[in-house]
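The values are calculated or read from the model by the stated rules, or taken from the named source; none is laboratory data. These numbers were taken from a predicted model, which means no experiment stands behind them. Positions of Cβ are generated from backbone atoms using ideal geometry, with glycine treated the same way; all protein chains shown enter the neighbour counts. SASA here: full protein model, heavy atoms, side chains in, ligands and nucleic acids out. Shrake-Rupley method; radii C 1.70, N 1.55, O 1.52, S 1.80 Å.
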Amino acid sequence: MPDASPWWTPDVHADRRPRLLMRNAIAAATRDWFAQRDFVEVTTGALQVSPGNEAHLAAFATTLVGEDGARSGLYLHTSPEFACKKLLAAGEKRLFSLGPVFRNGERSRLHHPEFTMLEWYRVGETYEALMADAANLIALAAERAGTTRFRFRGREADPFAEPERISVAEAFQRHAGIDLLATVEASGATDRDGLARAMTAAGMRVSAGDSWGDLVSRALVEKVEPMLGNGRPTILMEYPIPEAALARPSPRDPKVAERFEIYCCGVELANAFGELTDAAVQRRRFEAEMDERQRLYGERYPLDEDFLAALAVMPEASGIALGFDRLVMLAVGAERIDDVIWAPMPEPAH
């Protein structure tokens, strides 16, 4: 049944409009922040040979028809990452992208099939620099929106506070009572059964078909994520190697990678990496991710050979992707991601 009051009706739009104008103001302030730091804004094509090669990200597929009628498959990108890294290989040192990306099978209070991603890269700088960037941009959004507290579903956080930093291993031990790194080897091999026993002992459900990665995701969602970003932002860092397909190993511990996510009010806002630049290792990781996707969903996405070729000459860099709509949601006090999107996709009729 159609919505009785769709977003385009004048009264609904009048109610939504102040938040949408604030979205524009936050976007303008964000672009100015990057310009002041000598970042170049880039626009990358949405149509790509590969949408990305993460096992659990579902893409929208389409068909390109050439002048001769030949047909070839393409995808809407799930992130501008591959194109941005090609630009780093081409010689760009600092760049950012603020634009739409597409993910299928995702529609909820915090998900929309088409959403806006803010992604940026620093050549020759560590991922700790991105931690400072993310904290500054969270504070900038709050300042522009005129708020001193982020609130979401009963949780609060001070967007101006210095973020808490906690490793994934520490978070699992603290919030789930699980020694996660005991189930990981430096080679990337994992002890699925050992993790299953630990989760069962912690009172979590385990299914026979669950992989090690499935179990990690469940523990994160059920036990860890709700405890993050309460009172102040939280940086969850040093992910186990199998959970960081695009990140380089940490020099501190070969079992973990230079990956972090930042949370406010239990909401994941950003995902960052010290970027992996070993093309051979990246190929193996992508193939393993696609093997897992084949196992779970019966399909796989092609590898972007052009990306892997560019990766071989890409300089050392760090990169981060931030869900811009989610940041705006928290800054303006919205309840749903649709509330801060100018023209949200209608719910399909059933």
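Tell me, please, whether a residue that is open to solvent by 50 Å² or more (accessible area, probe 1.4 Å) and closer than 30 Å to residue 7 by Cβ can be found in the stretch 327-339.
Yes: one or more hits.
Take the residues of the stretch 26-37 that are aliphatic (A, V, I, L, M) and surrounded by 13 or more Cβ atoms within 10 Å (Cβ to Cβ): which is farthest from residue 324 (Cα to Cα)?
Of everything passing the filter in the stretch 26-37, 29 is farthest from residue 324 (Cα to Cα).
Within the group 120, 33, which residue is within 17 Å of the chain's Cα centre (by Cα) and over 22 Å from residue 285 (Cβ atoms)?
120
Just the residues that are without any contact (Cβ under 8 Å) to a residue 24 or more places away in the chain and acidic (Asp, Glu), please, taken from the stretch 36-70.
Of everything in the stretch 36-70, those that are without any contact (Cβ under 8 Å) to a residue 24 or more places away in the chain and acidic (Asp, Glu) turn out to be 67, 68.
Pick from the stretch 137-155 the residues that are open to solvent by less than 70 Å² (accessible area, probe 1.4 Å) and under 21 Å from the mean Cα position of the chain (by Cα): which of them is farthest from residue 118 (Cα to Cα)?
152
Scan the stretch 28-37 for residues that are among the hydrophobic types (A, V, I, L, M, F, W, C) and either modelled with pLDDT under 95 or closer than 20 Å to residue 125 by Cβ (or both) and report the count.
Adding up the residues that qualify gives 3.
Looking only at the stretch 141-166, which residues are touching a Ser or Thr at 6+ places or on another chain (Cβ under 8 Å) and small (Gly, Ala, Ser)?
Answer for the stretch 141-166, where residues must be touching a Ser or Thr at 6+ places or on another chain (Cβ under 8 Å) and small (Gly, Ala, Ser): 141, 142.
Just checking, which of 40, 12 is touching a strand residue (DSSP E or B) at 6+ places or on another chain (Cβ under 7 Å) and surrounded by 11 or more Cβ atoms within 10 Å (Cβ to Cβ)?
Answer to the selection: 40.
Residue check, residue 23 against (1) crowded, with 19+ Cβ neighbours inside 10 Å; (2) of a type in the set (Lys, Arg); (3) in a loop (DSSP other than H, G, I, E, B), all met but one. Which one?
(3)
Restricting to the stretch 274-326, count the residues that are open to solvent by less than 20 Å² (accessible area, probe 1.4 Å), over 30 Å from residue 20 (Cα atoms) and among the small types (Gly, Ala, Ser).
Summing the residues that are open to solvent by less than 20 Å² (accessible area, probe 1.4 Å), over 30 Å from residue 20 (Cα atoms) and among the small types (Gly, Ala, Ser) in the stretch 274-326 gives 4.
Whether any residue in the stretch 171-179 is open to solvent by 20 Å² or more (accessible area, probe 1.4 Å) and hydrophobic (A, V, I, L, M, F, W, C) is what I want to check.
Scanning the stretch 171-179 turns up no residue that is open to solvent by 20 Å² or more (accessible area, probe 1.4 Å) and hydrophobic (A, V, I, L, M, F, W, C).
Of all the helices (runs of 4 or more DSSP H) wholly in the stretch 249-350, which have at least 3 residues that are among the acidic types (Asp, Glu) and under 30 Å from residue 211 (Cβ atoms)?
Output list reads 279-297.
Could you please find all residues in the stretch 38-85 being modelled with pLDDT of 95 or more and hydroxyl-bearing (Ser, Thr, Tyr)?
Listed by number, the residues that qualify are 43, 44, 50, 62, 63, 75, 78, 79.
Considering only the stretch 195-216, how many residues are part of a helix (DSSP H, G or I), exposed (fewer than 15 other Cβ atoms within 10 Å of the Cβ) and not charged (D, E, K, R)?
Result for the stretch 195-216: 2.
List the strands (runs of 3 or more DSSP E) that sit entirely inside the stretch 99-192 and contain at least 2 residues that are touching a residue at least 24 places away in the same chain (Cβ under 8 Å) and in contact with a Leu (Cβ under 9 Å, 6 or more places away or on another chain).
By residue number, 114-123, 150-152, 164-167.
Among the candidates 268, 222, single out the residue that is open to solvent by 40 Å² or more (accessible area, probe 1.4 Å), over 24 Å from residue 51 (Cβ atoms) and touching a residue at least 12 places away in the same chain (Cβ under 8 Å).
It is 222.
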